[in-house]
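What follows is a set of notes on a single structure, which appears directly below.
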Amino acid sequence: MTNSDRFSLSMRLLHWGMAALVISMLAAGLLMIKSLEPWQLTIMTIHKASGVLAFVLVAVRLINRLRHQLPALPNELSHWQTTVAKASHWLLYGLLFAMPVSGYLMQYFAGRPIEVFGWFRLPAALQVDIQNYALFRELHGWLAFALIGLIALHIGAALHHHFIRKDNVLKSML
Amino acid sequence: MKALYLVLLLAPAFGFSADAPPKVSAQQFVDLQQGNSAFPGFRRAHAKGICVSGEFRANGQLANYSRASLFKPGSTPFIGRLSIAGNNPTAPDLKAPVRSLALSFTSSRTEQWRLAMNTPPVMAVADPHTFYQQIQAIQAGPAAVKQFFATHPQSSEFLAWAAQYQPSGSFAAETYHSINAFYLVNANGQQQAVRWAMQPTVAVAATDLTDADALQQEITTRIAADQVVFDWVFTLADATDDENNSSKAWPAGRQQINAGQIVLNGSSAQLAGDCHAINFDPLVLPTGIKATADPILRARSAAYAESYRRRAKEQLQGALEGSNND
């Protein structure tokens with residue numbers, strides 16, 4: 001395999017690191033809005049701080065992507081398939097930005113400063129704005145379900161390439 | 001993906017054990033609190049209240065125990081809310097068994113503190129799932145309540161308090177307890193478990209008024225005439241005390257520190273005031289205050305968030321337009 005068949009090391013590390021982070025955060029989010037257990041506060045505190053980390057990582061990742069040549073998609077793919085592949089990747093980037101931003105804004109308007117790993121705190125509104133809280137709270141929830149759906153599609157497509165089309169797409173990210 | 005999602009949703013149920021009460025979710029808890037007739041746009045618990053405003057005048061006595069800036073000598077403004085227990089925003093004030101004071105301090109954009117305090121000094125139970133059963137019993141009627149307490153000896157301290165409690169004729173004459181314990185953390189990182197109470201500085205005899213808004217009218221008149229003052233008194237736990245069980249009081253004689261005065265000097269109807277928008281989640285804490293592992297305290301964020309989410313969404317959809325809670 002030549003270099004151009006594969007994503008750069010930095011892109012692969014960012015991809016898999018963020019995959020682990022984002023899936024953990026989605027799981028934590030779904031659990032913490034339901035649970036009354038003593039660990040709920042711990043998970044919620046980590047979830048909020050991790051959102052700051054995820055935002056920084058996706059920004060680094062976007063810059064890194066724009067600086068690198070990407071492996072070409074297989075030639076056999078039809079026009080609509082390459083269009084869907086490219087659109088879904090940009091949609092993933094969009095959601096990876098929108099999740100931490102909407103999460104922060106719902107906390108901001110609810111007047112809840114975010115403690116980031118005991119290092120610093122993100123500011124919150126001095127006066128609570130319940131309508132904007134409602135807007136970003138509902139948005140954060142809907143975006144989460146959209147992201148779960150898109151990740152499922154993304155994983156499905158990767159497995160389809162690997163096991164059915166038997167091409168190089170999944171290997172290019174390994 | 002669907003299977004993974006199901007596992008995530010069901011995961012909390014794996015902690016179930018035979019002698020413990022069935023575990024409930026935040027959604028089930030708030031469903032129970034709101035009952036069969038939810039009042040759109042209002043809090044699911046302590047729905048009826050009045051906004052107050054004022055300031056905390058710190059004397060500096062607690063500054064060596066906590067880094068929180070508001071304990072340094074000086075004053076910090078707050079938005080507060082006086083309320084009664086129950087899901088009905090028009091319920092009669094004098095019928096409610098519990099009265100509450102909630103405060104929101106906004107020391108800065110990064111340091112905020114919400115406090116939610118009630119008249120009982122202890123809970124009847126020590127975990128949220130048993131608390132769910134207690135509320136079910138209250139909703140089912142006196143026989144169920146009797147049965148609940150007969151089978152829950154942990155409620156003895158709460159029952160002893162309830163037996164001697166005499167409701168006063170004013171929100172100004174009640175004692176409001178943190179119930180849950182918290183840790184104060186000072187500049188050296190030393191940690192001290194505490195509970196606190198807002199202690200009244202006036203006595204007001206029980207009222208013979210029957211008006212549904214008797215307590216709101218009384219406190220509005222009282223604040224308009226003069227400021228209403230409480231002493232903010234902290235009780236420090238000993239090494240032998242359990243800070244994680246909110247159904248057990250600490251022995252009398254523990255060191256107490258008066259941190260200063262809570263002064264109320266303004267009031268307004270809740271939908272007209274600033275307090276309605278606030279979620280008084282007691283786990284919004286400034287630097288220098290930390291949550292204990294008390295299971296009741298730890299359950300409050302998720303339950304308050306669910307109630308807040310429901311009423312915020314309803315309000316966004318116009319539930320309170322043209323509404324008037326006077």
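The values are calculated or read from the model by the stated rules, or taken from the named source; none is laboratory data. Nothing here was measured: the structure is a model prediction, and the numbers come from that model. Heads up, the Cβs are rebuilt from the backbone with ideal geometry, glycines too, and the neighbour counts pull from every protein chain shown. Remember, those area values only see protein heavy atoms, side chains included, never the ligands or the DNA or RNA. Shrake-Rupley method; radii C 1.70, N 1.55, O 1.52, S 1.80 Å.
Structural remarks
Matching residues to (1) touching a strand residue (DSSP E or B) at 6+ places or on another chain (Cβ under 6 Å); (2) modelled with pLDDT of 95 or more:
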residue	(1), (2)
A:Gln107	yes, yes
A:Pro113	yes, yes
A:Ala124	no, yes
A:Tyr133	no, yes
A:Arg137	no, yes
A:His140	no, yes
A:Asn168	no, no
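- Consider segment B:134-166 and keep the residues that are crowded, with 18+ Cβ neighbours inside 10 Å and touching a residue at least 40 places away in the same chain (Cβ under 8 Å). The one that is farthest from B:Ser83 (Cα to Cα) is B:Ser155.
- Only one entry in B:Val228, B:Val233, B:Val194, B:Val202 is aliphatic (A, V, I, L, M) and either closer than 30 Å to A:Phe109 by Cβ or open to solvent by 40 Å² or more (accessible area, probe 1.4 Å) (or both), namely B:Val202.
- All positions within segment B:91-111 that are crowded, with 18+ Cβ neighbours inside 10 Å and in contact with a Pro (Cβ under 6 Å, 6 or more places away or on another chain): B:Glu111
- Close pairs (6 angstrom Cβ cut-off, 6 or more residues apart or separate chains): under 22 Å from B:Ile262 (Cβ atoms) in segment B:184-198, open to solvent by 10 Å² or more (accessible area, probe 1.4 Å) and among the acidic types (Asp, Glu) anywhere: B:Ala193/B:Glu243
- Checked against (1) under 24 Å from B:Glu174 (Cβ atoms); (2) of a type in the set (A, V, I, L, M, F, W, C); (3) away from every other protein chain (no Cβ under 14 Å); (4) part of a loop (DSSP other than H, G, I, E, B), B:Leu271 meets all criteria but (3).
- Yes/no for A:Ala54 being at pLDDT 90 or above, of a type in the set (Gly, Ala, Ser), loosely packed, with under 13 Cβ neighbours inside 10 Å and under 20 Å from A:Phe145 (Cα atoms): no
- Selected residue (criterion: nearest to the other protein chains (Cβ to nearest Cβ)) from residues of segment B:287-304 that are closer than 14 Å to B:Ala193 by Cα and charged (D, E, K, R): B:Asp294
- Any hit, segment A:68-89, residues being over 20 Å from the mean Cα position of the chain (by Cα), of a type in the set (Val, Ile, Thr) and open to solvent by 50 Å² or more (accessible area, probe 1.4 Å): yes
- Selection within segment A:110-142 - more than 7 Å from every other protein chain (Cβ to nearest Cβ), in a helix (DSSP H, G or I) and either open to solvent by less than 30 Å² (accessible area, probe 1.4 Å) or within 17 Å of B:Ser108 (Cβ to Cβ) (or both): A:Gly141
- Checking B:Asp281, B:Asp238, B:Asp242 one by one, the residue that is facing chain A (nearest Cβ under 9 Å) and of a type outside the set (A, V, I, L, M) is B:Asp281 and no other.
- Checked against (1) touching a residue at least 12 places away in the same chain (Cβ under 8 Å); (2) closer than 24 Å to B:Arg300 by Cβ; (3) over 17 Å from the mean Cα position of the chain (by Cα), B:Asp31 passes all but condition (1).
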